[in-house]
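Data first, discussion second: the structure below is written as structure tokens.
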Amino acid sequence: MDDVKRPDKRAERSRRTREKVVEAARELFLAQGYGATSLQEVADRAGVAVQTVYFVFRNKRTLFKDVVDTSIAGDTAPVATMDREWFRAACAEPTAAGQLRAHVHGTREILGRVAPIMPLIAAAAATDPEIAAQWPGGPDPRHTVHHAAAEALARKPDTRPGLSVEMAADLLFGLLSPQLYLIFVHDRGWSPDTWEEWARTTLTAQLCVPGRR
């Protein structure tokens, strides 16, 4: 019986260690930048040996990618955004207005985590070209997610007539971008609640039939 339980306990310890290291790295990267942060500092902040950090992540580039990926997902579970419960529930809403409310709220949760590290990604890629290579070229994953949401919107009874899936996807992609979120929330001092209400009402006006929201 002990032999059966032991692997699960090891897996749980490994998961907790990984989460501690990723959170410590995120805090340090945000506070002092990618280039100025050493793996020894990350290990000290996480309360683990630096050898553990190397064993789990191999190098700082891999750790940085995990910080970015975890910020998008909200946890370390290997589940894509379109397979997340919040996204599926939003797409299952019976009306376009209801879907937009849920979609904007879910996106706001992601942007609150991701937007602050966007400048870090640009700065890190500028000093370490191999950072950019960790994200393969091709369609922007954000657009892929919003395009899937737009396809669901197109099937709702209160979606604006004649609105194409491509136009709806572009509006979602543009108005719910990390860059625009940073402008309003970080540069102009809007609260996340204010940004969410603005994004929802703006998208509803653009994508839904007037008077049927």
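Structure notes:
- Å² of accessible area per residue within the chain, as computed with a 1.4 Å probe and no ligands counted: 54
- Alpha carbon centroid spacing (whole Å) that separates the range 144-187 from the range 15-38: 32
- Fluctuation leader among T127, T37, T70 - the chain, Gaussian network, Cα springs under 10 angstrom: T127
- In the elastic network of the chain, a GNM with C-alpha springs shorter than 10 Å, the most mobile of A25, A97, A11 is A11.
- Among the listed options (1) 17.0; (2) 17.6; (3) 19.1, the one matching Kirkwood radius over Cα pairs in Å as calculated from these coordinates is (3).
- Whole-percent pair-distance distribution, where bins are 10 Å wide, for the alpha carbons of the range 97-147: 20, 40, 29, 9, 1
- Set of the range 28-50 residues, backbone N closer than 18 Å to the point 7 Å along the Cα-Cβ line of R10: none
- Fully extended contour minus Cα-Cα distance, from W86 to L30, at 0.36 nm per residue: 17.5 nm
- From the C-alpha gyration tensor of the range 170-209, square roots of 5λ in Å: 19, 12, 5
- Calculated [θ] (222 nm, deg cm²/dmol) that DSSP helices of n ≥ 4 give over the chain, each run adding -39,500 (n - 2.57): -21000 deg cm²/dmol
- Taking a Cβ cut-off of under 12 Å around D170, the surrounding Lys, Arg, Asp and Glu residues balance to a net charge of -1, with basic ones at +1 and acidic ones at -1.
- Spin-label model, T62/T194: points 7 Å from Cα along the beta carbon direction are separated by 4.4 nm.
- Accessible area of the chain belonging to carbon and sulfur atoms, whole % at 1.4 Å probe: 56
The values are calculated or read from the model by the stated rules, or taken from the named source; none is laboratory data. It should be emphasised that the depicted structure is a prediction, and the values quoted were computed from it without experimental measurement. Note: ideal-geometry Cβ built from the backbone for every residue, glycine included; neighbour counts use all protein chains shown. These area figures cover heavy atoms from the full protein model, side chains too; ligands, DNA and RNA do not enter into them. Shrake-Rupley method; radii C 1.70, N 1.55, O 1.52, S 1.80 Å.
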